[in-house]
Every structure is written in C-alpha cells, then in structure tokens.
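The values are calculated or read from the model by the stated rules, or taken from the named source; none is laboratory data. All of these numbers come straight from a predicted model, not from anything done at the bench. Glycine also receives a Cβ, built like all others from the backbone with ideal geometry; neighbour counts cover every protein chain displayed. Heavy atoms of the whole protein, side chains included, go into the accessibility calculation; ligands, DNA and RNA do not. Shrake-Rupley method; radii C 1.70, N 1.55, O 1.52, S 1.80 Å.
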Amino acid sequence: MGVSTYCILWTLWLARTKRIKKGLIYWLPTDGDVSDFVKTKVDPLIVENDELQSEVQKRKDSYNQGLKFFYGVPTYWRGMKSKSGVKSISADAAVYDEFDEVDQAQVAQARKRLSASEVKLERELSTPTIPDYGINKQFQTSDQCHYAFHCSSCGRWNILEDYFPECFQQDKSGNYYHACRKCKNRLDVTKGRWVQKESGNVIRGYQISQLYSPFVSPNEIMHEYLNTEFIGHFYNHVLGIPYLSATDRVTAEMVLSLCDPMREMKSNYLPQTAMGIDVGSLLHIVIIDPKKPTKLIWVGELKNFEELDLLMLKFNTKTCVIDALPETRKVKEFTKRQVNKAWACFYNDNMKGNYAWDEEQKIVSVNRTESLDASTLSIFRKELSLPQRNPMLERFADHCQNIAKVVEEDREKGDRKYVYRKIGPDHFRHAYNYAMIAASKMRGSGIASVFR
Ligand SMILES: [Zn+2]
C-alpha cells in the first residue's frame, strides 16, 4: 500500500524543512533488509529527483547504504538485529519499519537513540501479526483511524474491515463489488475519509487494508479468502488485522489447569527422568518423567553449568538435551562430562520428521516448528501433569504463553511457513521442548509418533 515509501518521503521532508537537525534513523529488522530496501525503494526515488540528486552530490563522500545526508541532515538506515555501528548514533527522529518482525526488547534499545533529543518524532509501521503484540498493541493506544466510505444511497459511513466478507456482495453476473453494510448499494472507494475510533487518544494511528486498494479487485480478494491455506496470513496482509487461532497459542491458565494439587514438587526423584535446559544469562531447566502421561517433576533456574551434574544425580536423569547456543564452549564441556546422557540441540529449519541424533558429536538436530508443535500438542491434549501450583510453575506457565505460531513469509522466495514467534520471555517453554526431545529418545520414539 506504499506506506514505506510514504515514510521515506516523510524523512526527506523532515530534513528539508529542518525539523530535525541530529538526523533520523530508519530501522528495519536486518542488515539484509536494509540493503534490499535502500536499493529498491530509497535509491530509485533519489535518482529520479533532480533536487535530491544535487543534494546527494554535495555530500558524495558520505553517501552510502547506511548513511545519507540530505540538506545537511544525516539519515541512518540500519538493521535492528545487527549490533555494529548503532550505539554511537543519536537522532531526532526514527522510523521503525516491519515493527512486528523484530524482538520488542530490541525496539526498546533502539528508542534510546532518541533519548537526547528534544524533538523525538517516531513512526512505527508493520503488517500486524498477533493480537495485543507489536504494532497492534501500539495501535490500540492510538486514536485508531480507519478509512471509511460514504453510501450515497442511505448516507451510512462504512469501514470495510469491520464487516468483511459481507463488505463484498455479488452482482447479477457474479462479480464482487464494495457494498454498503446497511443497504448493500455500491460504494465509491475512490472517495473515502479517515475516521477516528478513539478520538481521546493523542497518538495518531492508521489502519490500512487492501479492501479498497486500487490494485486489487474484490474478486481477487474473495478468491484468495476462499482458497487460502494460510488464513492468518490473509488476515494480516490483506485485511491488516492481527489474527491468532485458538490452537496457535497456549494460555497460562491452560497450563496451570494441568497442576495436580495432590502432588508436590520434590527436590529429588527415583524413576528415570528426561531433562531440558535452555541457555541464557540463567539456565532454565525442566525435568519430566517420560512415561505417559508425562509428569513434570521439577522446574527451576541455575546460574552455573557445574550445578547441572548434581541436579542430574538427584533426579536420576537418563537423557538431557541442552540448547547448543549461545554458550557453545560450556555446552561442549558439559556434554563431554555427561557423555552418555547429554546432547546439545540445534534447531534446523530444513529438517523434516524424526530428530537426528549424532551419536559421535552428541548433537541432536530438530526442526524448531515441528518440535514445538509436538510439545504444544502435549499441553492441548492434557498429556502433561504438573505438580501443585507454585511461583516457579507460574513463571513456567507464563513462558509457555509467550510463544505463538504465526505464518512467516520468505520475502525473497515468497514461500510461507509456520514459525513460533517469541512474544515475551520464553526460556522455560524451550526448556520443556528440550525435555520432550530427551523424552522421545528415552521412549525410542521420534517426532512422528507424536502425530500418529
Ligand atoms: Zn447504504
């Protein structure tokens, strides 16, 4: 719908009118995105504009992909996931493009680049993904402008997104047209008006969709709606609406409902267990008894790798799967120490089906989405029982609801696939996933058996 181009023009206008002196940062998720964006959207726009061309000539020495001067004002084009060359920049304005595609903690870091500014102009834009997350969360704090169309027949103002698919009605020859919600008369979508849904909010927000795009016909949209395999993707990209089906995210309540009030969380255990460890600034650990139905025995956090060995003894751990990244060296030491028991896990998106156990390297490779599907299913099917509720289990439940399954599009290839997106701290969720992978080895079954 051209919003990125609009934001490039906004950048140039801010520089030209001297509203910003320290400059602007245009954020995209990765350096690769920046490279594509600058090549296909920014540079062509400058090449075709004589005034901008002469501006660029003035500072030819400092005109490159990541930094361009316009009217003496620096504009930085940066990938949020790259760590290089960001800390030294400060600016008066920022655009956060593809807002839902970046870790929200990184956005908070990026905002600090404006902390010294008295101007602080910010724009966020994105295709929405999950409700109450990212751009949708921000939009809810805004005045929520929607594009509305006046019905010349009955006088009603119509917001098409509010009554899709009824906003498309079929004429006598079977073609879809934009219809008034009340009288079904044809609407003229070239004559629209922005209306605020929450006029009390001071932040301005716009929701746009393809429903009134001059480039996509109602017939095309209805065809995709009726035939798509990826309905969530359709809602996000065509309607501009976040979408999550009930099976794409477990809730904390759902997890805590699996607690057995008669069973205490113990500090040791006799039968053989499976252990999963997520590695971060802390070690997050989940221990399960793999016999079915699966029992969660213990969840907790440790600071040091050295403490893991005693924990494995106390809980009679037969198989342990640990996150291979980011502490590769420490993990290698650990899997060497526990040579018959511990495996380092790599997520590999090109894999399909059964987990691949490399007996020599003590490495297990799994498809991230498929493995998370399997462990999610165990919660939905109530094949897991938890000990009686305690603060650590509440944190476990919280981490479980902090991932959601969404459709991701490979922008180069155009492929769509499901991925689990982090929407908050999710360490215990991954620890549980690793524990389930360890359990599958103890049972001698792979991922396929879970789906059977
Ligand atoms: Zn009408």
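If you check every pair at least six apart or on different chains, which have Cβ atoms under 8 Å apart with a residue in region 274-295 that is closer than 15 Å to K318 by Cα and part of a loop (DSSP other than H, G, I, E, B) first and a residue that is among the hydrophobic types (A, V, I, L, M, F, W, C) and open to solvent by 10 Å² or more (accessible area, probe 1.4 Å) second?
As it stands, the answer is P290/M442, since those pairs meet every condition given.
Please determine, by comparing only the residues of region 195-216 that are small (G, A, S) and surrounded by 14 or more Cβ atoms within 10 Å (Cβ to Cβ), which one is nearest to the ligand (Cβ to nearest atom). Steps first, please.
First, pick out the residues of region 195-216 that are small (G, A, S): 199-200, 205, 209, 213.
In the following step, the residues that additionally are surrounded by 14 or more Cβ atoms within 10 Å (Cβ to Cβ) were identified as 205, 209, 213.
Working: G205: 27, S209: 20, S213: 21 Å.
It comes out as S209.
Enumerate the pairs (first residue in region 345-369 and in contact (Cβ under 8 Å) with a residue 40 or more places away in the chain and assigned to a strand (DSSP E or B); second residue anywhere and of a type in the set (G, A, S) and surrounded by 16 or more Cβ atoms within 10 Å (Cβ to Cβ)) with beta-carbon separation below 8 Å, excluding pairs fewer than 6 apart on the same chain, so at least 6 apart or on different chains.
Filtered contacts from region 345-369: C345/A324; C345/S365; V364/A344.
Counting just the residues of region 278-304 that are more than 13 Å from M436 (Cα to Cα), buried (at least 18 other Cβ atoms within 10 Å of the Cβ) and not aliphatic (A, V, I, L, M), which one comes out nearest to the chain's Cα centre (by Cα)?
Of everything passing the filter in region 278-304, H284 is nearest to the chain's Cα centre (by Cα).
Of the residues in region 10-21, how many are surrounded by fewer than 18 Cβ atoms within 10 Å (Cβ to Cβ) and outside any helix (DSSP H, G or I)?
Result for region 10-21: 4.
Please find, within region 372-413, the residue that is surrounded by the fewest Cβ atoms within 10 Å (Cβ to Cβ) out of those that are among the small types (G, A, S) and over 18 Å from the mean Cα position of the chain (by Cα).
Step one: of region 372-413, the residues among the small types (G, A, S) are 374-375, 378, 385, 397, 404.
After this cut, where a residue has to be over 18 Å from the mean Cα position of the chain (by Cα) as well, the list is 374-375, 378, 385, 397.
Values: A374: 22, S375: 24, S378: 19, S385: 15, A397: 26.
Going through the qualifying residues, I end up with S385.
Pull up region 173-194, narrow it to residues that are away from the ligand (no atom under 16 Å from the Cβ) and within 20 Å of V238 (Cα to Cα), then point me to the one that is surrounded by the most Cβ atoms within 10 Å (Cβ to Cβ).
Once the filter is applied, the top-ranked residue is Y176.
Select the strands (runs of 3 or more DSSP E) contained entirely in region 49-124, then report the ones holding at least 1 residues which are over 27 Å from the mean Cα position of the chain (by Cα) and surrounded by 17 or more Cβ atoms within 10 Å (Cβ to Cβ). Lay out the reasoning, then the answer.
Numbers: elements: 67-70, 73-79, 93-97.
Counting at least 1 such residues, we get 67-70, 73-79.
Anything in region 230-241 that is touching a residue at least 60 places away in the same chain (Cβ under 8 Å), open to solvent by 20 Å² or more (accessible area, probe 1.4 Å) and within 17 Å of R416 (Cα to Cα)? List them, or say none.
F230, H237
So, E327, is that one open to solvent by 10 Å² or more (accessible area, probe 1.4 Å) and farther than 29 Å from D398 by Cβ or not?
So E327 fails the test.
Identify all residues within region 154-172 that are assigned to a loop (DSSP other than H, G, I, E, B), open to solvent by less than 70 Å² (accessible area, probe 1.4 Å), more than 26 Å from D97 (Cβ to Cβ) and within 16 Å of the ligand (Cβ to nearest atom); write none if there are none.
Within region 154-172, the first condition is being assigned to a loop (DSSP other than H, G, I, E, B), and the residues that meet it are 154-156, 159, 164-167, 171-172.
Then drop every residue that is not open to solvent by less than 70 Å² (accessible area, probe 1.4 Å), which leaves 154-155, 159, 164-165, 167, 171.
Then drop every residue that is not more than 26 Å from D97 (Cβ to Cβ), which leaves 154-155, 165, 167, 171.
Residues satisfying the conditions are C154, G155, C167, D171.
Considering (1) assigned to a helix (DSSP H, G or I); (2) more than 25 Å from L302 (Cβ to Cβ), say which one K417 fails and leave the rest.
So the condition that K417 fails would be (1).
Need pairs with beta-carbon distance below 6 Å; first residue touching a residue at least 24 places away in the same chain (Cβ under 8 Å) and within region 148-175, second within 14 Å of the ligand (Cβ to nearest atom) and among the basic types (K, R); sequence gap 6+ or separate chains.
C154/K182; R156/K182; N158/R181
Report, by residue number, each residue of region 126-143 that is over 19 Å from V238 (Cβ atoms) and either without any contact (Cβ under 8 Å) to a residue 12 or more places away in the chain or open to solvent by 20 Å² or more (accessible area, probe 1.4 Å) (or both).
Hits for region 126-143 are D132, K137, Q138, Q140, T141.
Would you mind finding the one in F305, F334 that is in a helix (DSSP H, G or I) and over 22 Å from Y420 (Cα atoms)?
Being in a helix (DSSP H, G or I) and over 22 Å from Y420 (Cα atoms) holds for just one of F305, F334, which is F334.
Report the residue count in region 77-114 for those that are modelled with pLDDT under 85 and of a type in the set (K, R).
Of the residues in that region, 3 qualify.
Could you check region 226-252 and list, in sequence order, the residues that are of a type in the set (G, A, S) and not in a helix (DSSP H, G or I)?
G240, S245, listed by residue number.
Filtering region 130-153 down to residues that are assigned to a strand (DSSP E or B) and more than 16 Å from the ligand (Cβ to nearest atom), which residue is nearest to N185 (Cα to Cα)?
Filtering region 130-153 for residues that are assigned to a strand (DSSP E or B) and more than 16 Å from the ligand (Cβ to nearest atom), the one nearest to N185 (Cα to Cα) comes out as Y147.
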